[in-house]
Amino acid sequence: MRNIARDRLYRRHRFLVEVIAHAVWLYFRFPLSLRMVEDLLAVRGIVVSHQTVRLWAEKFGRHFANDIRRRSAGKLGDKWHLDEVVVTIRGQKQWLWRAVDQDGFVLDVLVQSRRNAKAARRLMRKLVKGQGRSPRVMITDKLRSYGAARRQIMPGVEHRSHKGLNNRAENSHQPIRRRERTMKRFKSARQLQRFVSIHDPIANLFHIPRHDIPSDHHRELRAAAMRMWNEIACLEAA
């Protein structure tokens, strides 16, 4: 029997479903450029341009990320770590605001041109709407904008403001920093927002601790993540 959902998702694409899904997985799972993905596919005898990979990443990556986000709704942690980092784009400073839970899963990201209370309020509203609830506790650095925004958006939430407590959020910026170097900087704030909104949900799916669990358990979790990826990508069961 034909898989209707599979046919609808990949309609009018001449490449095999497995090729498209694998290209998207490579691009967002590892810090690779589009041309690197093109070369990796070429090694397997698959001739496709890096521009085609870019189109696949935008179309199918968005679909996969939205599916992952829906599946994880309401299941992430109740301790939110918030942080912001500057990203220079065409000589202009943009601020990448990010929130992660106590286990390192990314809750949401937002690119803004300001680093003030208004920007912090916008992030918090987006977080509460996306998660469907307020956190038990919010942890930030010493930026005063967080406190001002919390008093308006989440007045009953405990707020811990200390730079040393917020390493988890600060470390979560590292994958985007690596990708920024690979891509030789982002070209616009819109491109950055589009990329992180796809990249981070996919990274969440494959976010598996390596040092806190036995290797057998790690392999089981990795296999479970790949099974879910195959389901999301409408691939045949492996």
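Results for (1) over 11 Å from ASP83 (Cα atoms); (2) under 24 Å from the mean Cα position of the chain (by Cα); (3) of a type in the set (A, V, I, L, M); (4) in a strand (DSSP E or B), shown as yes or no for each residue.
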residue: ALA119; (1), (2), (3), (4): yes, yes, yes, no
residue: LEU123; (1), (2), (3), (4): no, yes, yes, no
residue: ILE139; (1), (2), (3), (4): no, yes, yes, yes
residue: GLN152; (1), (2), (3), (4): yes, no, no, no
residue: GLY156; (1), (2), (3), (4): yes, no, no, no
residue: ALA169; (1), (2), (3), (4): no, yes, yes, no
residue: PRO175; (1), (2), (3), (4): yes, yes, no, no
Selected residue [in contact with a Lys or Arg (Cβ under 9 Å, 6 or more places away or on another chain) and either assigned to a helix (DSSP H, G or I) or farther than 21 Å from ARG181 by Cα (or both)] from ARG115, ARG35: ARG115
Where a residue in the stretch 46-71 is at pLDDT 95 or above and its partner, wherever it lies, is not in a helix (DSSP H, G or I), with Cβ under 8 Å and at least six apart: ILE46/PHE15; VAL48/PHE15; HIS50/SER33; PHE60/ALA233; PHE64/ALA233
Lone unmet requirement of (1) surrounded by 12 or more Cβ atoms within 10 Å (Cβ to Cβ); (2) charged (D, E, K, R); (3) farther than 30 Å from LEU34 by Cβ; (4) in the same structural domain as VAL85 (by TED's automatic domain parsing) for LYS129: (1)
Residue match in the stretch 183-200 (condition: charged (D, E, K, R), free of Cβ contacts under 8 Å to residues at least 24 places away in the same chain and part of a loop (DSSP other than H, G, I, E, B)): yes
Of residues in the stretch 168-201 being more than 24 Å from MET228 (Cβ to Cβ) and among the small types (Gly, Ala, Ser), the one surrounded by the most Cβ atoms within 10 Å (Cβ to Cβ): ALA169
Among residues of the stretch 75-110, those that are acidic (Asp, Glu) and closer than 14 Å to ARG122 by Cα, counted: 3
Any hit, the stretch 78-92, residues being in a helix (DSSP H, G or I) and over 30 Å from SER161 (Cα atoms): no
Cross-chain or 6+ apart pairs with Cβ under 9 Å, the stretch 208-226 first and in the same structural domain as TRP25 (by TED's automatic domain parsing), then at pLDDT below 85: HIS218/PRO209; HIS218/ARG210; LEU221/PRO209; LEU221/ILE213; MET226/ALA238
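The values are calculated or read from the model by the stated rules, or taken from the named source; none is laboratory data. Computed from a prediction, not measured in an experiment: that's the story for all the values here. Note: ideal-geometry Cβ built from the backbone for every residue, glycine included; neighbour counts use all protein chains shown.
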